[in-house]
Amino acid sequence: MFGLVDVLGRVSVRGVVAASDVPALEATPEVHPVRSDCETFDATVGGGGDVMDVIEMRACVGHGTSLANVSRRRLAGRSRRMIDPIAMLKRDHREVEEMLTKLQSSKPGPRRRSTVEQVTESLQLHMEIEEKLLYPLVSRVLGAEKAEEAEIEHRLAREGVAHLNEMVDAPGFGAVVDMLKAGIKHHVREEEREIFPKLKQKLDRTQLAEIGEQALALMPPNKRTKVLNASKRTSGRRTTRTTKKRATKKRAAKRTSGRRTTRARAQS
C-alpha cells in the first residue's frame, strides 16, 4: 500500500487533487493506486502524463468535494498506447549499430569512452529484456534449440563488450569493434528475419502489450521516457497515414459516384 505523497511523487495528477487537499488525503487510509506492484506501477506512470491507471480513491476530501471511486482515470482525454516490444527492440538494434559505427572511426579519449559506456549499458539492458521476457517464449514457439542458440550469441556479445571496455584506449580497439559489430549483425539478422516475425504471428496484441509493460519496468527512468516518446511519435505517424488513406478512399468514392451520376443523366 502506497501513501498518497508517494503516489503523487510518481504520477502527474494535475487538475485532480488540489495541493491543499493533500494532507487530508494522506490521512485517509483507503487511498491507494490501482496497481500494487511498484515496478509495474512505475512503468505505467513513466510517461509523465500518459498514465491511464492513476489512482483509486475512496474518500470525500476537502471543501466537501467528492473524489470517490476515481478509478482508471483518463488524463486529458488521452488513450493508452501499447508499447510494442518488437518495435522497441528493433530500435535498440539500430541505436547500437549506429554507436558501433561511430566507434569504428573514433579516436582515444573521453568521447570514445563515453560511447563505449553507452553501448555497454544499452546492450546489457537489451539482452536482459530479451532473456527474461522473449527467450522463454522463443523456446516454446521456435524450440529450445533456437533459444539456446540466441543465448549463446548473447554470451559471446557480453564477452565482446567486456573486451571492448578493456581495449578502449589500446591500439587494437578498432579490430575489437569490428568483431563485436559483425557478431551483433549476425544475431540481429536472425532475430529480425526469423524470431521476431514468428513471435508476432503467435502472440496477440494483449500479450505483446504485457511484454511491453514488463520491459518498461526493467528500464531506468531516462530509457523509459525515451521509449514512451518514441511510441508517441510512431503512433502519430500511423494516425497520419490512416487519415490520409481514408481521405484518399473518400475522394475516390466521390469520383466514382460522380461518374455514375453523369452516366445515369446521359442515359436518361
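Once the convex hull of all Cα atoms in region 157-198 is built, its volume per residue stands at 52 Å³. Extension gain for E159 to A253 (0.36 nm times residue separation, less C-alpha to C-alpha distance): 27.9 nm.
K132: which lysines have alpha carbons under 28 Å from its alpha carbon, excluding same-chain residues fewer than 8 sequence positions away? Correct list for K132: K90, K146, K181, K185, K198, K200, K202, K223, K226, K232.
Neighbours of S139, meaning other residues whose beta-carbon lies under 14 angstrom from its beta-carbon, give a summed charge of -1 when Lys and Arg score +1 and Asp and Glu score -1. All other residues whose Cβ lies under 11 angstrom from that of L208 are scored, Lys and Arg at +1 and Asp and Glu at -1, for a net of -1. Rounded to 0.05, the FRET efficiency of the A230 and K200 pair, given R0 = 30 Å and the Cβ-Cβ distance, is 0.95.
Throughout, read-outs are computed from the coordinates displayed, never taken from laboratory work. In this text the structure is predicted, and so the values were computed from the model without any measurement. In this analysis, Cβ positions are derived from the backbone assuming ideal geometry, glycine residues included, and neighbour counts consider all displayed protein chains.
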